[in-house]
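Working notes for the structure below.
The values are calculated or read from the model by the stated rules, or taken from the named source; none is laboratory data. What you are looking at is a predicted structure, and each value in this text was computed from that prediction instead of being measured. Here the Cβ is made from the backbone with ideal geometry for all residues, glycine too, and neighbour counts use every protein chain on show.
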Amino acid sequence: MSTTDTNIYCNSVQPDDIDLTGLSTIPALYRKVISAVGLNIKKEGYGIDVLAGRNQTWVLVRCGIEILRRPKLYSDLYISVWKGKDDAVCHGRNIEIYDGSSDELIGSGVTDWCILNKESHRPVVSHLDSSLESRLVDCKQPRRITPFEGGKAMCGQVGYSECDFNGHLNNCRYVDWFFNLLPEKVTSLTSCLRLDINFKREVLRGADVIASVREADNGQIDFCLRHSCGIACLASLSRVGCI
């Protein structure tokens, strides 16, 4: 892989990214993917600073990410970003993750974003003038996740450090909440895993939330985060090829 490609973003696995296995956690890899997409959108001229001048902002709607192998400590990572599905409301960015030591593809994903009006909180129909190549990725589209009741749960309150530039619970924090509820037998897995996330509504600082997980018969684990207005996020973790 050529690191001179302007749509490839370099990163590395740091000590605060790994768990007891010595490998990067899925939440850490997810954060690096979201960061790479943000840098790419900024390079295209539609960064959050530009949209703020129009009283608009970016929000992540859904994503599906497959991690084929978790990289080890101090591995160099290259994240390639290009255009996905674009219907003027949702703007897709597809990604691939490569281990720099071997140029091995270790992950891929599909992310769908939309632009919101900050006052109405409604999507803005927009046609982005982008020079990005548009091509498919070897990763299924984010799937829709069914709500559920019951399961293992924990309660909490959204704090300052968990919120993003919109004042909402940061989309990366949902993944943290999900993985905090998983047993070690799951978080220590080194097999191929897929993470799907559907974001439903914003959660503001100070909100009381309930996060819950439930394991299905096929081994898939579903996640739900609720607050007083209803379901904020649904997610699932499954073995690649098992959905």
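Does residue 210 satisfy the condition of being surrounded by fewer than 19 Cβ atoms within 10 Å (Cβ to Cβ), touching a residue at least 24 places away in the same chain (Cβ under 8 Å) and in contact with a Gly (Cβ under 9 Å, 6 or more places away or on another chain)?
So residue 210 passes the test.
Let's see how each residue does on (1) at pLDDT below 95; (2) among the hydrophobic types (A, V, I, L, M, F, W, C):
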| site | (1), (2) |
| --- | --- |
| 13 | no, yes |
| 22 | no, no |
| 29 | no, yes |
| 32 | no, no |
| 37 | no, yes |
| 43 | yes, no |
| 65 | no, yes |
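In the list 86, 49, which residue meets the criterion of being charged (D, E, K, R) and touching a residue at least 12 places away in the same chain (Cβ under 8 Å)?
86
Answer yes if at least one residue in the range 108-116 is modelled with pLDDT under 95, of a type in the set (Ser, Thr, Tyr) and not assigned by TED's automatic domain parsing to the domain that holds residue 192, and no otherwise.
no
Determine which member of the set 126, 120 is surrounded by fewer than 14 Cβ atoms within 10 Å (Cβ to Cβ) and of a type in the set (Gly, Ala, Ser).
120
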